[in-house]
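Only one structure is covered here, and it is reproduced in the block below.
The values are calculated or read from the model by the stated rules, or taken from the named source; none is laboratory data. Since the model is a prediction, treat every value here as computed from it, not as a measurement. Using ideal geometry, Cβ is built from the backbone for each residue, glycine included, and neighbour counts are taken over all protein chains shown.
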Amino acid sequence: MDWDHLRVFLATMRTGSLRAAAEALGLSHPTARRRLGALESQLGLQLFERRRDGLHPTVEADTLRSAAEDVERAVHALGRIAQAADPALRGPIRVTAPNIIATDLLMPDFVEFQRRWPDIDLRIDISYQVADLDKREADIAIRAVPVGKLPAQHLTGRKAATAYQAVYGEGEHWIGWQGEHEDRPWIRGTAFPDLPLRGAFNDPALQRGACAAGLGLSILPCFYAEPMLQRSGTPRPHFDLWVLVHPDLRRSPRLRAFRDFIVEAIARHRPRLEGAPPAA
């Protein structure tokens, strides 16, 4: 049985669309359709009913899904174990990190790592979505975790530092993230609970830009806001930065090299993360 055919089957079950499954897997729609058809022929089963409103899984598809997911977990585990067994400091490392952490805090460190280990191909995915390390969506995750909370317990990792946030800007309005209904609860917990809200700017870069242009007040991570913005009030803990890896990969030499390097780099940024004034 071809694993690529099973991948298409599972992606179609999860997305509800063959076209969406093909996009998620980086395949053309005809290729995905051909692989799904080949699986149905091999099994001698119809897995989806083709209707005008799209594909609908059959009872047989629902029955097979659990077994296919077992195969998926085994394939991912095999890949992780093979990667961990490679002793060479070469090859790709896929790292997922929040956008502003990668671009505004760690980019010089990523560059320095590439200079030290030129045979390692560093691949950075900036996202606020949590990558699934079990499914090898990334090799290493740099995650912002609520202060005092633990990340997924089955992952191996280290807390590198705590990032602080503060109020920035001036004026008589808060700059909204999503809108009055969604933002009013966190506004009540600030030092200015009665100030009205203006706008909805749902990204840190938008918030920082709007604050710098004088729209109003914003709460932002200190390392990201300064020295561009003027702080108002005392910084408070915002999130913990963790560097995480799947247990199967913890002994991989190239992943260990990157993990140790980036944990030390984040620790060096601790004063900036905690809101210390920039060096003169």
Ala77 being outside the structural domain of Asp139 (by TED's automatic domain parsing), small (Gly, Ala, Ser) and more than 30 Å from Pro253 (Cβ to Cβ): no
- prompt: When only residues in the range 1-55 that are surrounded by 13 or more Cβ atoms within 10 Å (Cβ to Cβ) and touching a residue at least 40 places away in the same chain (Cβ under 8 Å) count, which is farthest from Ser66 (Cα to Cα)?
  reply: Leu55
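Before we move on, is Arg259 part of a helix (DSSP H, G or I) and among the basic types (Lys, Arg)?
yes
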field: Lone unmet requirement of (1) assigned by TED's automatic domain parsing to the domain that holds Ile100; (2) in a helix (DSSP H, G or I) for Val243
entry: (2)
- prompt: For the subset of the range 142-189 comprising residues that are at pLDDT 90 or above and of a type in the set (Ser, Thr, Tyr), which member is farthest from the chain's Cα centre (by Cα)?
  reply: Tyr168
- prompt: Is the range 167-188 home to any residue that is in contact with a Lys or Arg (Cβ under 9 Å, 6 or more places away or on another chain) and under 22 Å from Leu273 (Cα atoms)?
  reply: yes
field: All strands (runs of 3 or more DSSP E) inside the range 109-219 with 1 or more residues being touching a Cys at 6+ places or on another chain (Cβ under 7 Å) and in contact (Cβ under 8 Å) with a residue 40 or more places away in the chain
entry: 156-169
